[in-house]
1. Give, as a single signed number, the net charge of other residues whose beta carbon lies under 13 Å from the beta carbon of ARG238, with Lys and Arg counted +1 and Asp and Glu -1.
2. Can you give the calculated 222 nm mean residue ellipticity of the chain, where each DSSP H run of n ≥ 4 adds -39,500 (n - 2.57) and the sum is split over every residue, rounded to the nearest 500 deg cm²/dmol?
3. Which values, in whole Å and largest first, are the semi-axes of the equivalent ellipsoid of the chain obtained as the square root of 5 times each eigenvalue of the Cα gyration tensor?
4. Spin-label point model (7 Å from Cα, Cβ direction): what's the ILE228 to ASP172 distance in nm?
5. As a test of understanding, state the convex hull volume per residue of region 111-260 from its alpha carbons, in Å³.
6. Want the number for ALA142 to VAL113: 0.36 nm per residue separation, take away the alpha-carbon distance, what's left?
7. Please give the length that would be gained between ARG51 and ALA125 if that part of the chain were fully extended, namely 0.36 nm times their separation in residues minus their C-alpha to C-alpha distance (nm, one decimal).
8. With springs only between Cα atoms under 10 Å apart, run a GNM on the chain and tell me which of ALA246, ALA84, ALA196 wobbles the most.
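Every number in this text was worked out from the coordinates using simple rules, so none of it is lab data. Everything quoted here is computed from the prediction, not taken from an experiment. Every residue, glycine among them, receives a Cβ derived from its backbone with ideal geometry; neighbour counts consider all protein chains shown.
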Amino acid sequence: MSRLRLGVNIDHVATIRNARGESYPDPARAAEIALMAGADGITAHLREDRRHISDADIDTLAALTRRRGLPLNLEMAVTPEMEAIALAHRPHAACLVPERREEVTTEGGLDVVGHHNRIVPVVAALKGAGIRVSLFVEPDPAQIDAARDVGANVVELHTGAYCLAVRERRGDAAQLLEELRKAAVQAERLGLEVHAGHGIDYETVGPIAGIPQVVELNIGHFLVGEAIFVGLDAAIRRMRQLMDHARAADRGPAAREAVA
Ligand code: PXP
């Protein structure tokens with residue numbers, strides 16, 4: 001299995017900063033620490049209501065990741081405003097997500113089937129600017145087929161339902177994991193790169209990282225929360241270790257020892 005990349009989402013460092021309207025804590029400092037702790041890239045969601053990440057944060061994060069030669073993954077709604085911002089910054093990747101102002105977090109995946117005609121030109125414009133385009137979708141066969149049809153490079157599978165089922169100790173967790181597995185196989189077969197994210201913690205990272213087609217995880221809220229207790233560096237290092245363990249599990253005891 002290929003090495004699994006970790007994108008650290010630093011949105012909620014900005015949430016804490018904005019609670020006071022001050023300049024502290026600084027998401028750019030979190031990004032520096034994340035990259036030193038072994039993150040392979042930084043993910044940030046510039047929401048239409050700017051409730052956490054700001055336009056100035058994106059300027060800073062784009063410059064920082066470019067300087068470090070590491071990817072910035074810009075999560076964005078499918079709107080003309082966000083498209084213009086992405087085209088101005090040309091991040092390594094853009095992940096198109098659904099967005100409703102009243103939601104607490106990104107609830108559910110993008111309806112690629114229903115918004116095919118709106119998504120096609122945005123995907124084309126972003127790809128034309130050299131940006132890899134990812135679509136955040138539920139593990140639903142029709143959405144994954146549609147992601148291929150609109151020309152996306154990547155699907156990021158929404159792991160929120162599975163992670164919540166595990167946290168609530170619900171009986172449907174195994175079924176939801178199976179749906180993620182099947183979606184990953186389908187997406188790879190269609191030539192799409194497979195990422196996964198939302199709601200991942202130390203408990204759920206292993207089963208998700210064990211899906212061989214998945215090459216990147218994007219994790220934010222849990223890491224920022226855990227950072228309050230152990231520090232961001234330690235939280236990311238532990239997550240990285242759990243990912244590597246899950247990845248090595250299929251390669252036998254020697255591989256497991258190598259990452260221990
Ligand atoms: N991936 C996408 C597309 C997201 O929208 C989010 C949340 O912003 C994440 C990953 C990270 O989710 P979490 O903060 O729950 O780890």
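1. Working: positive: ARG237, ARG240; negative: ASP201, GLU203, GLU226, ASP233, ASP244.
Around ARG238, the surrounding residues sum to -3.
2. Details: 12 runs with 130 residues, N = 260.
Only helices count here, giving -15000 deg cm²/dmol.
3. Values: eigenvalues 129, 113, 60 Å².
Working through the eigenvalues yields semi-axes of 25, 24, 17 Å.
4. Each label point is offset 7 Å from its Cα along the Cβ direction, giving 2.9 nm.
5. Numbers: hull volume 20.4 nm³, N = 150.
With only Cα atoms used, region 111-260 gives 136 Å³ per residue.
6. Gain on stretching ALA142 to VAL113: 9.7 nm.
7. On the way: separation 74, 0.36 × 74 = 26.64 nm, distance 2.63 nm.
Result for the pair: 24.0 nm of gain on full extension.
8. Comparing ALA246, ALA84, ALA196 in the GNM, the peak value goes to ALA84.
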